[in-house]
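Written out below as structure tokens is the structure these notes cover.
Please treat every number below as a calculation from the coordinates, not as lab data. Because the structure is a prediction, the values reported are computed rather than measured. No Cβ is skipped: glycine too gets one built from the backbone with ideal geometry, and neighbour counts run over all protein chains shown.
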Amino acid sequence: MLELKVKRIDIEVGGFEIILNEEDAKELGLHPQDRVKVARRGLITTAIVNISESMIKRGEIGMFIEISEKMNVKNGDTVKIAPTMRPMSVDYIKKKIYGEKLTKDEIYEIIKDIVDDNLSTIELASYVTAIQIRGMDMDETEWMTKAMVDTGETIDFEYTVFDVHSIGGVPGNKYAPIAVPIAAAAGLKIPKTSSRAISSAAGTADLMEVLTNVRLSVNDIRRIVDEVGATLTWGGAVNLAPADDKIVHVEYPLGIDPHSQVLASVMAKKKAVGANFMVLDIPMGPETKVPDEKTARKYAMDFIELGERLGITLEAAVTYGGQPIGRAIGPALEAREAMQALEGRRVSHSLIEKATDIAGMLLELGNIAERGEGKDMAKDILKSGKAREKFLEIINAQGSRGIEKSEDVPIGKYKADIHSPEEGYISIVSNKALVKIARTAGAPKDKGAGIILNKKKSEKTDKGEVLYTIYADSKAKLDEAVKIAKMLKPLKIEGMLLERIPSYKA
Ligand SMILES: O=P(O)(O)OC[C@H]1O[C@H](OP(=O)(O)O)[C@H](O)[C@@H]1O
Ligand SMILES: O=c1cc[nH]c(=O)[nH]1
């Protein structure tokens, strides 16, 4: 064991990493990417080694933000380090890379090492990539889901619990802040947790964070569901299926979401809150995770089967995802649009129809509405203002940010309009290009960043009319987003010249 003095490094690296002076590293026989145990006052964490000749002096240890926070150290504190072995789960990840089926114990070991932060970002990314390419069968998926639940806390409610989740993949998918309060206003209990953005520019947790505190404890979730009927929180803040957020963390930069990981991620969150019944949204269409009906059916049947294995009755809703839901993309803009819908303002048809379809299915599952009558009941609850009231109760119970109406939502202070180069009808709206532009503008981390679509598919535009507006919290990111927008042209107009390719001579 070597005792070293802490030098905090104010950089987030997305995992537990340290820097050693090369002489200290040599003394312990360590090389870059090796692993050490770092110990201080009974707290022991595994970290990945980086080596420096001059940045870190002999006797010092450079500690990046994540490990500094976990070990609760400040500059000058001392920690002890010792080399440690690579965990067995790295071999199991390799087994999946070679296309072999994993056992229940091997999967449990991988998930446990993810939760205990024993895997480096490279190993974790390899795991996600291996499942994306090799896939998992239903047994492996069930074991993975159960391992994700068993390595965290769970909540037992004394009543029947309902839940709803989307596999995501379509921009602007703000159905949850509308559907959940509708169902809760009708008396259903919904402890909804969400992930942050994976492939989109705003996950439900990102947009809810604009309006309220989404970092609740298990006890807070239990109390708020008891008192007001529902929560809309971030799963990563609470120890419910804690592996999920760590996996999402590497999926986000890769922009990938493997089929069996989607199943396990969604269902582990539902099982951890003790859901008995749930509705699953499967957005389908070009440039989503589900390009066609065949894939949608496969998702639906796999989710229903996994639900059965876990004791959750699940109904799937295949919804249209070929262009954004509503007109807003990005955390604050989506939060504002969801509130506008709850306030009964005129918002896009696609948003109201989707949210009330899903809420209606929940009402039918809960026997509050007769089969086939749920959607009308959901629309009535929305129109009556009861869903808005319920939503305000939820966000105030979670922790008010002083936002009571849509006008209060702070959006990006820099904006740029993108104009139509000609007259015509919008023939293509590219989900992927819009997400890329919104992410370049800063979403989801910069909450005010995103896009408002002035035009959607089949709508007419005049030459020079605003097609969409890009918002950002910083001028530099706005300029970058405008550059990308001009290159990607996310909205195509019928008859528009798509690209001009010059001859070699030009
Ligand atoms: O679209 P992308 O970013 O891939 O998917 C991530 C989103 O999908 C799920 O939706 P919800 O919580 O049911 O709304 C997740 O919780 C997250 O909000
Ligand atoms: O919660 C979710 C939604 C989509 N994909 C995931 O991996 N998790």
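Values for this structure:
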{"quantity": "Inverse of mean 1/r across different Cα pairs in the range 19-160, Kirkwood, Å", "calculated": "17.1"}
{"quantity": "Fraction of antiparallel bridges per DSSP, the chain only, in percent to nearest 5", "calculated": "55"}
{"quantity": "Residues Ile329, Ile178, Ile352 arranged by fewest to most Cβ contacts within 10 Å", "calculated": "Ile352, Ile178, Ile329"}
{"quantity": "Range of Cα positions in the chain per principal axis (Å), largest first", "calculated": "72, 70, 48"}
{"quantity": "Amide H contacts of Thr319 (H built 1.01 Å from N, under 5 Å, at least 5 apart or other chain)", "calculated": "Ile282, Met284"}
{"quantity": "Distance (nanometres) between label positions extended 7 Å along Cα→Cβ at Ser217 and Lys415", "calculated": "4.1"}
{"quantity": "Residue order, fewest to most beta carbons within 10 Å, for Asp105, Asp357, Asp163, Asp139", "calculated": "Asp105, Asp139, Asp357, Asp163"}
{"quantity": "About the Cα centre, charge dipole magnitude for the range 421-499 (Lys/Arg +1, Asp/Glu -1 at Cβ), debye", "calculated": "360"}
{"quantity": "Nitroxide proxy distance, nm - points 7 Å out along Cα→Cβ at Lys457 and Leu497", "calculated": "2.8"}
{"quantity": "Sequence-distant lysines (8 or more away, or on other chains) whose Cα lies within less than 21 Å of Lys379", "calculated": "Lys174, Lys189, Lys192, Lys354, Lys390, Lys405"}
{"quantity": "Residue pairs, from the table Lys413/Lys445; Lys289/Lys456; Lys383/Lys492; Lys415/Lys483, whose Cα atoms sit over 23 Å apart", "calculated": "Lys383/Lys492"}
{"quantity": "Sequence-separation-based contact order of the chain, relative, with Cα cut under 8 Å and 6+ spacing, percent", "calculated": "14"}
{"quantity": "Label-point separation, Lys94 to Asp139 (7 Å along Cα→Cβ), nm", "calculated": "2.4"}
{"quantity": "C-alpha long axis of helix 293-310 to longest principal axis of the chain, angle in °", "calculated": "60"}
{"quantity": "Check: the chain dipole with +1 on Lys, Arg Cβ and -1 on Asp, Glu Cβ, in debye", "calculated": "1200"}
{"quantity": "Sites Lys294 and Lys26, calculated FRET efficiency, Cβ-Cβ separation with R0 60 Å, nearest 0.05", "calculated": "0.60"}
{"quantity": "Selection of trypsin sites (Lys or Arg not before Pro), the range 435-492, meeting DSSP coil and at most 12 other Cβ within 10 Å", "calculated": "Lys445, Lys463"}
{"quantity": "Three-way shape call for the range 89-135 based on the alpha-carbon gyration tensor, with the a/c threshold at 1.5", "calculated": "oblate"}
{"quantity": "Fully extended contour minus Cα-Cα distance, from Lys104 to Thr469, at 0.36 nm per residue", "calculated": "126.5 nm"}
{"quantity": "Charge dipole of the chain about the Cα centre (unit charges at C-beta), most positive-ward option of Gly448, Met487, Val149", "calculated": "Met487"}
{"quantity": "Cα-based equivalent ellipsoid of the range 2-84: semi-axis lengths in Å, sorted from largest, via gyration tensor", "calculated": "16, 13, 13"}
{"quantity": "In degrees, nearest ten, helix 218-228 long axis to first principal axis of the chain (Cα)", "calculated": "20"}
{"quantity": "Relative exposure of Glu158, Glu106, judged by other C-beta atoms within 10 Å (fewest first)", "calculated": "Glu158, Glu106"}
